[in-house]
Amino acid sequence: MQTIVIGAGVLGAAIAFRLAQAGAQVTVLEAGRVGGGTSGTSFAWINSATGGVPPAYHALRIASMQAHAEVAAEFGGASWYHPTGGLKWAWPAELPALEANVAALQARGYAAEWIDRARLLAMEPDLDPVAIGDGPIAWFPEEGWLDPVPYAGAMVRAAQSLGAVLRTGARVAGMEMAGGRVTGVRLADGTRLAADCVVNCAGRWSDGLRPVPHVPLAPTVGFLVFTPPVAAGISHVLHAPEANLRPDGAGRLMLVWNDFAAGFSAETPPDPRLPEVQEMMQSVSRLIPSLAGLEAEAVRIGVRPLPRDGLSAIGPVPRTEGYYVAVTHSGVTLSPILARLVAAEVVRGEDRAELAEFRPARFFN
Ligand SMILES: Cc1cc2nc3c(=O)[nH]c(=O)nc-3n(C[C@H](O)[C@H](O)[C@H](O)COP(=O)(O)OP(=O)(O)OC[C@H]3O[C@@H](n4cnc5c(N)ncnc54)[C@H](O)[C@@H]3O)c2cc1C
């Protein structure tokens, strides 16, 4: 079976690997570079920490947290996978909401417990105890984070080792159609490539391919700030009132505070001297005193590929044979489980119950 995967972010790369493993002939077409889309501007927290999401979405995320561990073992230990656990605390006014969320997660069997400040400081000795306050801290031991670009690179290499072909700098301009069927793609340079199935993993750009019907997206902008390398830092994913933050390798920390993103668009120049960036650095330095006086090293602005109803859109598109869409927010968390499920459907013709609530068809009825 000849398949084309459009896009080599965390989703396309992992799907290409599992398609190749299931016996398909795979060509990956990437307009830019592997992991150079949203996957390269992600907080990349592996979790299912929102208690109120639909049960099927929670179940998919839980399965994918486990799948990340399995992929890391499959690859003989994976430098991209950091199962550190996550920690969250709140100002007193927001504590009831955090308590309700933890209770909802525990009711679903999610690994979540309360710890005190002394235990947090044993795990994160460089935090300022005064800034933490003396409220309870939620500990999520099964969470972690991913280096999305090395992960995508490893998935593509694994696919290539099974015969897949990667073409970077290959922008798909449109679909080739015969009747109601997709028969291949046309590249921006005019090249035509045939396929039995085209899998659209183009993320926030997935709605730009014609003439196929597209999943409507409601993308949101995210704003990441990177510190220079610091000797005293953190080693878990932290959700503090000041910001969400995690290590980002070589002593750098990655900070994200969604409130700041409100005034930004994908076109905002990512300048570390923006007043909002300085404010964020100052705010976080109250929590981690070793950051005091440091300027941010870099800023990245990312756009989340969010289907309009906030849930993943995974599956065939009605009345369009030979075409399959995989677009989602939380793509970092969901990549390994979606890769397995998509390969089972595309290559083996299975109809996976885990994906029943996420079909693109819901947008076209
Ligand atoms: C600030 C921020 C924080 C986030 N935090 C988290 C988090 O904590 N946890 C989590 O799970 N998720 C998080 N996400 C979401 C997650 O990063 C995305 O869901 C995921 O990266 C999407 O991966 P993808 O492979 O679908 O898309 P992408 O990584 O965008 O890959 C799509 C690829 O398709 C290529 N492409 C596009 N059009 C074409 C074309 N016509 N022809 C060929 N190639 C094309 C692009 O170049 C790109 O490389 C976050 C996102 C942002 C922005």
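Would you check which residues across segment 311-348 are out of contact with any Gly (no Cβ under 6 Å at 6 or more places or on another chain) and on the phi > 0 side of the Ramachandran plot and list them?
Answer for segment 311-348, where residues must be out of contact with any Gly (no Cβ under 6 Å at 6 or more places or on another chain) and on the phi > 0 side of the Ramachandran plot: GLY315, GLY322, SER330.
If the requirement is being modelled with pLDDT of 95 or more and within 16 Å of the ligand (Cβ to nearest atom), which of these qualifies: ALA90, ALA49, ALA22?
Sole residue among the options that is modelled with pLDDT of 95 or more and within 16 Å of the ligand (Cβ to nearest atom): ALA49.
Which residues, taken from segment 97-139, are part of a helix (DSSP H, G or I), open to solvent by less than 50 Å² (accessible area, probe 1.4 Å) and under 23 Å from ALA232 (Cβ atoms)? Full working, then the answer.
Our first condition is that a residue be part of a helix (DSSP H, G or I); within segment 97-139, this holds for 97-107, 117-123, 129-132.
Within this subset, residues satisfying the condition of being open to solvent by less than 50 Å² (accessible area, probe 1.4 Å) are 98, 101-102, 104-105, 120-121, 123, 131-132.
Listed by number, the residues that qualify are LEU120, LEU121, MET123, ALA131, ILE132.
What is the residue count in segment 44-78 for residues that are open to solvent by less than 30 Å² (accessible area, probe 1.4 Å) and in contact with a strand residue (DSSP E or B) (Cβ under 7 Å, 6 or more places away or on another chain)?
Final tally of qualifying residues: 7.
Output the residues belonging to segment 188-206 that are open to solvent by less than 50 Å² (accessible area, probe 1.4 Å) and within 10 Å of the ligand (Cβ to nearest atom).
ASN200, CYS201, ALA202, GLY203, SER206, listed by residue number.
Just give me the residues in segment 166-187 being touching a residue at least 24 places away in the same chain (Cβ under 8 Å), touching a strand residue (DSSP E or B) at 6+ places or on another chain (Cβ under 6 Å) and open to solvent by 70 Å² or more (accessible area, probe 1.4 Å), in sequence order.
ARG167, THR168, ARG181 - these are the residues of segment 166-187 that are touching a residue at least 24 places away in the same chain (Cβ under 8 Å), touching a strand residue (DSSP E or B) at 6+ places or on another chain (Cβ under 6 Å) and open to solvent by 70 Å² or more (accessible area, probe 1.4 Å).
I'd like to check something: does segment 122-139 contain any residue that is farther than 20 Å from PRO289 by Cβ and among the charged types (D, E, K, R)?
Scanning segment 122-139, I find no residue that is farther than 20 Å from PRO289 by Cβ and among the charged types (D, E, K, R), so the answer is no.
Which one is farthest from the ligand (Cβ to nearest atom), of the residues in segment 25-45 that are polar (S, T, N, Q) and under 19 Å from the mean Cα position of the chain (by Cα)?
THR41
Of the residues that make up segment 226-245, is at least one more than 24 Å from ARG18 (Cβ to Cβ), open to solvent by less than 10 Å² (accessible area, probe 1.4 Å), of a type in the set (A, V, I, L, M, F, W, C) and within 11 Å of the ligand (Cβ to nearest atom)?
yes
Is it the case that ARG246 is charged (D, E, K, R) and not in a loop (DSSP other than H, G, I, E, B)? Walk me through it before giving the result.
On the way: charged (D, E, K, R): yes; not in a loop (DSSP other than H, G, I, E, B): yes.
Yes, satisfied.
The values are calculated or read from the model by the stated rules, or taken from the named source; none is laboratory data. None of the values given here were measured: they were computed from a predicted structure. Don't worry about glycine lacking a Cβ; one is built from the backbone with ideal geometry, like all the others, and counts go over all protein chains shown. The protein model used for the area step is the full one, side chains on, heavy atoms only, and it has no ligands, DNA or RNA in it. Shrake-Rupley method; radii C 1.70, N 1.55, O 1.52, S 1.80 Å.
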